[in-house]
């Protein structure tokens, strides 16, 4: 009930704060690995899970406690990887502050969406997208999101399917625009 999923146009966490609980449809997820290890104090456990997108780890742990006939309290949750990105490759704020050129260690924006289908936009569609307007395409796409590129192959943003049109979900600042 505390997720951002929508039911009848309202986010679950908003309903939960109002004391309203609604039936939630189960979701198919994939758990590739799950390990539990006991700490020194036997009531404390650590866990590691590798799972599919859309898995609510808090719910997974709550369901596990119910299945074991007990209860649990999640005290910490840390995502250490997402897709090809891992926390071991991250830089601390202090490391970044010490650099003369932060952009030297940043991944190009296109790398963040490399798993999405992509489409090079006409200049007119780039303008529409930057203004938050929906765009249409003649061809079809498999997924619900596509990476939108300009004619130089730079990421303009991410478009999300909305019926027959594609709505700007994320829009990158235009090159040369101060932020």
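Here, each number is a calculation from the coordinates, and none is a lab measurement. Keep in mind the model is a prediction, meaning the values are calculated, not measured. For neighbour counting, all protein chains shown are included, and Cβ atoms are generated from backbone atoms with ideal geometry for every residue, glycine included.
Using a ≥ b ≥ c from the Cα gyration tensor of region 6-78 (square roots of the eigenvalues), is it rounded, prolate or oblate, where a/c under 1.5 gives rounded and otherwise the larger of a/b and b/c decides, a/b for prolate? Don't skip to the end; give the middle numbers.
Values: a/c = 2.40, a/b = 1.66, b/c = 1.45.
Here region 6-78 falls in the prolate category.
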Euclidean distance of C-alpha centroids, region 23-37 and region 87-125, integer Å
30
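Per 0.36 nm of contour for each residue apart, how much would the distance between residue 142 and residue 32 grow if the chain were fully extended, relative to their Cα-Cα spacing?
On the way: separation 110, 0.36 × 110 = 39.60 nm, distance 2.43 nm.
Separation in residues times 0.36 nm, less the Cα-Cα distance, equals 37.2 nm.
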Take the alpha carbon gyration tensor of region 63-136, find the square roots of its eigenvalues, order them as a ≥ b ≥ c, and report rounded if a/c is under 1.5; if not, report prolate when a/b exceeds b/c, else oblate.
oblate
Return the single residue from 49, 156, 66 with maximal mean-square fluctuation; model: Gaussian network over the chain, springs between Cα atoms under 10 Å.
66
Calculate, for residue 64 and residue 160, the FRET efficiency according to 1/(1 + (r/R0)^6) with r their C-beta to C-beta distance and R0 30 Å; round to the nearest 0.05.
0.40
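Between residue 8 and residue 94, what length in nm is gained on full extension when 0.36 nm per residue of separation is reduced by their alpha carbon distance?
On the way: separation 86, 0.36 × 86 = 30.96 nm, distance 4.42 nm.
Stretched fully, the residue 8-residue 94 segment lengthens by 26.5 nm.
Would you please classify the overall shape of region 107-171 from the alpha carbon gyration tensor, given that a ≥ b ≥ c denote the square roots of the eigenvalues, rounded means a/c under 1.5, and beyond that prolate means a/b larger than b/c while oblate covers the rest?
Verdict is oblate for region 107-171.
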Using only the Cα atoms of the chain, what semi-axes does the equivalent ellipsoid have when each is the square root of 5 times a gyration tensor eigenvalue? Give whole Å, largest first.
37, 25, 15
Nearest 0.05, what FRET efficiency do residue 81 and residue 127 give at R0 = 41 Å with Cβ-Cβ as r?
0.65
